[in-house]
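> Below is one structure. I have some questions about it.
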Amino acid sequence: PPMIVQPYVENAIKHGLLHKKGHKYLAIQFTRHREDLRITIDDNGIGREKANEIKQLKKEKHHPFSTNANSRRIELLNKERSKNIGIVYVDKKDDNGNATGTTVIISIPLI
């Protein structure tokens, strides 16, 4: 899974944590959940919405190669499996609705 995990870790650092002031946190956890390998990438960055706002302000012409390549890679892998690789994004917020980071959960079937 390194080639699947790397783009999400890079995004957490580059887009979530780079623009955050103060304490920065990034955790990568690998666990077995039933018949799946579950990889959790959790940060306390600025969140996907704020990161997109910053990107628009900078008028970045960056095309997310690794994210697009990863999507294609997962699509190809899923064609050969009876159970698909799944990816869930969790936009974390505090009680006031302020972004408190992002969690990405990748589930890879082991059988």
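Each reported figure results from applying straightforward, stated rules to the coordinates on display, with no laboratory input. Keep in mind it's a predicted model, so treat the numbers as computed, not measured.
> Looking only at 31, 67, 40, which one moves most when the chain is put into a Gaussian network model with springs between Cα atoms under 10 Å?
In the Gaussian network model the winner is 31.
> To continue, here is another question. On alpha carbon coordinates alone, what is the Rg over Rh value for the chain, Rh being the Kirkwood radius?
1.00
> Keeping to pairs on different chains or 8 or more places apart, tell me how many lysine pairs in the chain have Cα atoms under 15 Å apart.
Summing the qualifying lysine pairs gives 14.
> Okay, moving on. Quick one: Kirkwood hydrodynamic radius for region 68-111, alpha-carbon pairs, angstrom, one decimal?
12.3 Å
> Nearest 10 degrees, 0 to 90: what angle lies between the long axis of helix 65-79 and the longest principal axis of the chain (Cα atoms)?
With both axes taken from Cα atoms, the answer is about 20 degrees.
> Using Cα springs under 10 Å in a Gaussian network model of the chain, which residue among 21, 93, 50 shows the largest mean-square fluctuation?
Among 21, 93, 50, the largest GNM mean-square fluctuation belongs to 21.
> Given only helices, namely DSSP H runs of n ≥ 4 each adding -39500 (n - 2.57), what is the per-residue ellipticity at 222 nm of the chain, to the nearest 500 deg cm²/dmol?
That calculation yields -9500 deg cm²/dmol at 222 nm.
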